[in-house]
Amino acid sequence: MRTTRIELSNARLMARAWASTSAYSDSEALAASFAGHALASLAATCAISEEFCPSLRRARRTLDETAMALATKIGEIAARLPLIEALHQVTSLYPALMPAKERSALGAFYTPPALVTRLLDQAAQAGVDWSTAKVLDPAAGGGIFLLHAARRMVDALGECEPVFALSHVTARLSGFELDANAANLAQCALEISLADLARSAGRPAPQIVKTCDTLAMQAQPVFDLVIGNPPYGRVTLPTEMRAKYARSLYGHANLYGIFTDAAMRWTKPGGIIAFLTPTSFLGGQYFSALRCLLAKEAPPVAIDFVHARKGVFEDVLQETLLAIYHRGALRGGTCINYLTMLSEIEARITSNGAIILPQDASAPWLAPRLPDHIALVRRAQRMSHRLSDWGYKVSTGPLVWNRHKSQLRDRAGGKNVHPLIWAEAVTPDGRFTYRAHKKNHAPFFRMEPGDDWLLTRKPCVVVQRTTAKEQTRRLIAAELPAAFIAEHGGVVIENHLNMVRAVDDEAVAPSIVAAFLNSRIADDLFRCISGSVAVSAFELEAVPLPAPSQLAVLSKLVASGASRDEIDTECARLYGTDA
């Protein structure tokens with residue numbers, strides 16, 4: 001099998017190279033036609049006739065000789081693999097052959113079999129009975145979840161009449177898909193996967209995948225399992241649709257959040273929702289209403305964090321998770337697991353304990369991302385203090401520089417010219433270094449009448465707003481010295497930095513705040529909150545903290561110029577853990 005998979009991978013690379021240089025103007029139709037011809041080749045190699053796969057008869061665009069030969073070859077190679085894996089490899093050609101921009105616009109990223117298998121296993125563990133369950137994928141794509149579900153349904157029925165088995169399975173299986181090309185490929189793949197049963201029954205499988213707009217449909221809560229990998233990305237909703245999904249929206253709408261809301265509407269009480277989504281809903285402010293809705297109507301019973309962002313989906317860099325929600329259940333513990341992708345078809349699972357959702361479900365959901373985080377999360381969940389209790393509030397740097405280009409200055413001097421603080425002024429090791437060395441970054445800003453709101457005159461802590469989980473540290477902070485601000489009569493802070501500002505005369509010293517935010521324990525805590533590359537003010541203000549009265553030792557260490565290791569040890573002690 002390994003040799004076959006390598007051969008198929010090489011053939012897919014050749015197909016992508018061909019598609020990238022093709023003269024066809026309609027890239028979606030081109031990709032669909034290529035995948036359709038490859039499916040037909042797979043069916044022919046497996047001796048499956050069009051009589052039992054009527055979708056194979058659908059008209060496909062004629063390809064050039066080179067492309068036809070390559071599509072045929074891919075189908076023939078794929079036929080050596082287990083059938084469902086083969087079908088995934090072929091249907092996933094459709095998004096793989098599209099230009100990246102169009103693929104992203106369609107949300108056309110198909111799911112690796114290892115994650116599909118795990119999600120269906122988790123659904124079964126949560127109570128889904130494959131012999132009776134009605135199953136819906138509301139964003140079916142190439143049909144990978146439906147293919148696996150259909151196989152489990154057939155196996156669960158055991159020995160029975162083929163006519164009964166085919167009718168029973170297809171009556172309980174449904175897929176919705178907005179993209180007609182993807183829907184056609186998914187239907188064709190399902191017909192191929194059920195061809196042996198259809199041949200024995202003497203008739204093909206009926207239509208399972210429907211081309212439609214899931215979000216616009218009137219939901220009926222009739223499914224025992226709603227499963228899938230919904231599209232994601234910010235979207236501007238029509239007024240009517242925004243009103244329809246208002247219960248789960250706060251500010252910007254994201255497609256996967258709306259699909260999660262829709263899934264709850266299609267799932268019957270007691271049913272299961274099993275979704276693969278980005279992790280950003282766990283902590284982001286824009287998902288606060290969705291978190292409340294889930295906690296109330298379908299609390300999570302299990303979450304797997306996927307370790308392998310790059311390569312989980314072709315050309316996607318996105319932190320993802322698998323989640324199982326129980327419609328109508330009472331809140332309880334949520335099992336947390338760590339899923340390591342070993343290949344497209346294999347994953348390793350490590351248990352990470354369990355969490356309890358916060359009483360205020362709109363707050364970020366603290367969850368261990370690594371086994372080492374379990375004890376920390378349990379301790380932090382019992383801590384009630386936040387930055388507001390330390391006397392601080394977090395806001396974004398006010399200057400959006402490209403709206404004020406004419407006010408940027410390369411030199412000091414002149415009235416109302418102040419230093420401009422960019423993100424690079426906060427060094428990776430947590431020091432403030434006044435500099436502006438990146439392209440288009442000027443070191444000074446000239447204030448104009450009405451610009452007073454841009455000026456910062458009091459000491460604060462500045463924190464980089466964008467970091468990734470692959471970086472050594474997610475929290476990169478520095479104290480903006482009072483002496484520097486006083487020397488220049490104030491500074492202007494650009495909006496790729498967060499400002500942690502004192503709002504209380506009794507506030508903890510900024511040097512203590514900066515030292516804590518730069519500690520290893522604070523970084524670990526933030527990783528257990530944040531689900532995106534953004535370091536948001538909302539999430540910073542949600543980090544559980546020790547009481548101000550517990551900071552005496554830390555204050556002395558900072559005042560004495562203690563080493564980073566000494567400060568890390570003390571911060572860890574405040575959470576009852578080792579540095």
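The values are calculated or read from the model by the stated rules, or taken from the named source; none is laboratory data. Quick caveat: nothing in here was measured; it's all calculated off a predicted structure. No Cβ is skipped: glycine too gets one built from the backbone with ideal geometry, and neighbour counts run over all protein chains shown. The accessibility values were calculated without ligands, DNA or RNA, using every heavy atom of the protein model including side chains. Shrake-Rupley method; radii C 1.70, N 1.55, O 1.52, S 1.80 Å.
Overview of results
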| read-out | value |
| --- | --- |
| Number of positions in region 277-297 that are in contact with a strand residue (DSSP E or B) (Cβ under 9 Å, 6 or more places away or on another chain) and within 12 Å of Leu357 (Cα to Cα) | 2 |
| Leading residue by the ranking (farthest from Leu475 (Cα to Cα)) among those in region 407-424 that are outside any strand (DSSP E or B) and in contact with an Asp or Glu (Cβ under 9 Å, 6 or more places away or on another chain) | Asn416 |
| Scope region 226-272; condition surrounded by fewer than 23 Cβ atoms within 10 Å (Cβ to Cβ), of a type in the set (Gly, Ala, Ser) and in contact with a strand residue (DSSP E or B) (Cβ under 7 Å, 6 or more places away or on another chain); matching residues | Gly233, Ala253 |
| Failed condition for Leu56, given (1) modelled with pLDDT of 90 or more; (2) outside any loop (DSSP other than H, G, I, E, B) | (1) |
| Residues of region 564-579 satisfying the condition of being in a loop (DSSP other than H, G, I, E, B) and within 12 Å of Ser519 (Cβ to Cβ) | Tyr575, Thr577, Ala579 |
| In region 16-41, the residues that are more than 16 Å from Asn184 (Cα to Cα) and within 33 Å of the chain's Cα centre (by Cα) | Arg16, Ala17, Trp18, Ala19, Ser20, Thr21, Ser22, Tyr24, Ser25, Asp26, Ser27 |
| Ala140 touching a residue at least 12 places away in the same chain (Cβ under 8 Å), under 31 Å from the mean Cα position of the chain (by Cα) and farther than 29 Å from Arg60 by Cβ | no |
| Filtered residues of region 332-357 (kept if in a loop (DSSP other than H, G, I, E, B), modelled with pLDDT of 90 or more and surrounded by 16 or more Cβ atoms within 10 Å (Cβ to Cβ)) | Leu357 |
| Residues satisfying the stated conditions in region 231-254, i.e. within 18 Å of the chain's Cα centre (by Cα), closer than 21 Å to His326 by Cα and not in a loop (DSSP other than H, G, I, E, B) | Ser248 |
| Selection from region 15-47 of residues that are over 13 Å from Leu97 (Cα atoms), surrounded by 13 or more Cβ atoms within 10 Å (Cβ to Cβ) and of a type in the set (Gly, Ala, Ser) | Ala40, Ser41, Ala43, Ala44 |
| Subset of region 156-211 [open to solvent by 50 Å² or more (accessible area, probe 1.4 Å), within 27 Å of Leu30 (Cα to Cα) and of a type in the set (D, E, K, R)] | Lys210 |
| Which numbered condition Glu50 fails, given (1) within 31 Å of the chain's Cα centre (by Cα); (2) modelled with pLDDT of 90 or more; (3) open to solvent by 30 Å² or more (accessible area, probe 1.4 Å) | (1) |
| Residue among Ala198, Ala182, Ala186 that is touching a strand residue (DSSP E or B) at 6+ places or on another chain (Cβ under 7 Å), in a helix (DSSP H, G or I) and aliphatic (A, V, I, L, M) | Ala186 |
| Any hit, region 281-300, residues being open to solvent by less than 20 Å² (accessible area, probe 1.4 Å), outside any strand (DSSP E or B), closer than 26 Å to His88 by Cβ and touching a helix residue (DSSP H, G or I) at 6+ places or on another chain (Cβ under 8 Å) | no |
| Given (1) over 23 Å from the mean Cα position of the chain (by Cα); (2) open to solvent by 10 Å² or more (accessible area, probe 1.4 Å); (3) modelled with pLDDT of 95 or more, index of the condition Asp64 fails | (3) |
| Residue ID - modelled with the highest pLDDT, chosen from residues in region 96-114 that are in a helix (DSSP H, G or I) and over 28 Å from Phe223 (Cα atoms) | Ala96 |
| Some residue of region 431-454 being part of a strand (DSSP E or B), closer than 30 Å to Trp390 by Cα and touching a residue at least 60 places away in the same chain (Cβ under 8 Å) | no |
| Selection status of Leu87, in contact with an Asp or Glu (Cβ under 8 Å, 6 or more places away or on another chain), crowded, with 18+ Cβ neighbours inside 10 Å and in a helix (DSSP H, G or I) | no |
| Unmet criterion (only one of (1) among the β-branched types (Val, Ile, Thr); (2) more than 30 Å from Met153 (Cα to Cα); (3) loosely packed, with under 14 Cβ neighbours inside 10 Å) for Val222 | (2) |
| Elements of type helices (runs of 4 or more DSSP H) in region 475-527, at least 2 residues being modelled with pLDDT of 95 or more and under 18 Å from Gly397 (Cβ atoms) | 482-488, 510-517 |
| Only one of Glu541, Glu506, Glu566, Glu487 that is open to solvent by 50 Å² or more (accessible area, probe 1.4 Å) and within 29 Å of Val417 (Cβ to Cβ) | Glu487 |
| Filter pass, Lys73 being of a type in the set (Lys, Arg), in a helix (DSSP H, G or I) and surrounded by 14 or more Cβ atoms within 10 Å (Cβ to Cβ) | yes |
| Any hit, region 115-125, residues being touching a Lys or Arg at 6+ places or on another chain (Cβ under 9 Å), more than 19 Å from Thr214 (Cα to Cα), at pLDDT 95 or above and assigned to a helix (DSSP H, G or I) | yes |
| Region 470-516, residues that are over 16 Å from Leu455 (Cα atoms) and touching a Ser or Thr at 6+ places or on another chain (Cβ under 6 Å) | Arg474, Glu479, Ile512 |
| Every pair of residues 6+ apart whose Cβ atoms lie under 6 Å, when the first sits in region 567-579 and is over 11 Å from Val553 (Cα atoms) while the second is among the β-branched types (Val, Ile, Thr) and part of a helix (DSSP H, G or I) | Ala572/Ile521; Tyr575/Ile521; Ala579/Thr569 |
| One residue from Ser49, Ser41 being part of a helix (DSSP H, G or I), polar (S, T, N, Q) and within 23 Å of Val209 (Cβ to Cβ) | Ser41 |
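Each row is one residue, and each column tells you yes or no for (1) over 28 Å from the mean Cα position of the chain (by Cα); (2) open to solvent by less than 80 Å² (accessible area, probe 1.4 Å).
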{"site": "Thr433", "(1), (2)": "yes, yes"}
{"site": "Pro449", "(1), (2)": "yes, no"}
{"site": "Val462", "(1), (2)": "no, yes"}
{"site": "Ile476", "(1), (2)": "no, yes"}
